[in-house]
Amino acid sequence: MTVLIDEELVAASAGGECDTVRDLLQRGSPPDARNDKGQSALAMAASRNHADVVQVLLDHGADPEGAGADPSPARAACTMMAADALRILLAAGADPESRHADGQSLLNGVFLAEGTRRDRGYLELAKMLLDAGASIDSADGDGATPLTRAVVLGRPESVRWLLDRGADPNKGGSQGLSLLEIAKSRKQAEIVRLLTAASR
């Protein structure tokens, strides 16, 4: 696959300059263009939640999966908690089960990002992914599930939310420990209670 570089389109997309993006596309800029760092116009717009630019790029034929760019547009949206952009990408056919090169699922990425961006709408993104068909127990290359991430990060509200939606409390774990053992070792009383109740 030939990668086309168009710094101007990528910069305009990242800046949310919808009219400029539309004009560049009408003058022949390829909608899947990347910058010299390999970042696609669609991923840059998605990461900044420029939903109007995301829609214009898709309307002009951009691949919702990112045409092999790293990160994919959906991953960029999930990492930056860009709900509007993710909603548009999923509606356009982005795969809710897609994985990053390191094996991390989008849903796991949301719960990792939640660890650094508290109170920024991560549950809204997680719900969108689940509604679009993502597996709640999808494990990364290291065996970690979204529930693993929530337990390791010590987030009882996330643990409760995942368990309420059917996450398996016996799946996942880290460094040879079960989720319950992790919670006990970290003295996370509320998480221990939630996991114990869900395991019955």
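Rank these for me by crowding, 50, 60, going from fewest to most other beta carbons within 10 Å.
So the residues, fewest neighbours to most, are 60, 50.
Which value at 222 nm does the chain reach when only helices count, each DSSP H run of 4 or more adding -39,500 (n - 2.57), with the total divided by all residues and rounded to the nearest 500 deg cm²/dmol?
That calculation yields -14500 deg cm²/dmol at 222 nm.
Check cross-link reach from residue 187 to the lysines: straight Cα distance under 28 Å, and skip same-chain residues fewer than eight apart.
Qualifying lysines at Cα under 28 Å: 171.
Measure nothing but the geometry: give the 0 to 90° angle between the long axis through the Cα atoms of 106-116 and the longest principal axis through the Cα atoms of the chain, rounded to 10°.
On a 0 to 90 degree scale, this one is about 80.
If the cut-off is 16 Å between C-alpha atoms, which aspartates and glutamates fall inside it for residue 127, apart from same-chain ones fewer than 8 positions away?
Leaving aside aspartates and glutamates fewer than 8 places away in the same chain, those within reach of residue 127 are 84, 95, 97, 114, 119, 137, 157, 164.
Listed highest first by mean packing, meaning other Cβ atoms within 10 Å per residue, what order do 184-197, 98-111, 141-154 come in?
In decreasing order of mean packing, 184-197, 98-111, 141-154 become 141-154, 98-111, 184-197.
Could you compute the FRET efficiency for residue 27 and residue 84, with r as their C-beta to C-beta distance and R0 at 30 Å, rounded to 0.05?
The pair residue 27/residue 84 has a calculated efficiency of 0.65.
For 36, 63, which order do you get if you count the other beta carbons within 10 Å of each Cβ and list the fewest first?
Arranged by neighbour count, lowest to highest, 36, 63 become 36, 63.
P(r) of the range 147-200 in 10 Å steps, Cα pairs, percent per bin?
Percent of pairs per bin, in order: 29, 65, 6.
How tilted is helix 122-131 with respect to the longest principal axis of the chain? Cα atoms for both, answer in degrees (0 to 90, nearest 10).
In the chain, helix 122-131 runs at an angle near 80 degrees to the longest axis.
Each reported figure results from applying straightforward, stated rules to the coordinates on display, with no laboratory input. Keep in mind that what you see is a predicted model, and the values were worked out from it rather than measured. Here the Cβ is made from the backbone with ideal geometry for all residues, glycine too, and neighbour counts use every protein chain on show.
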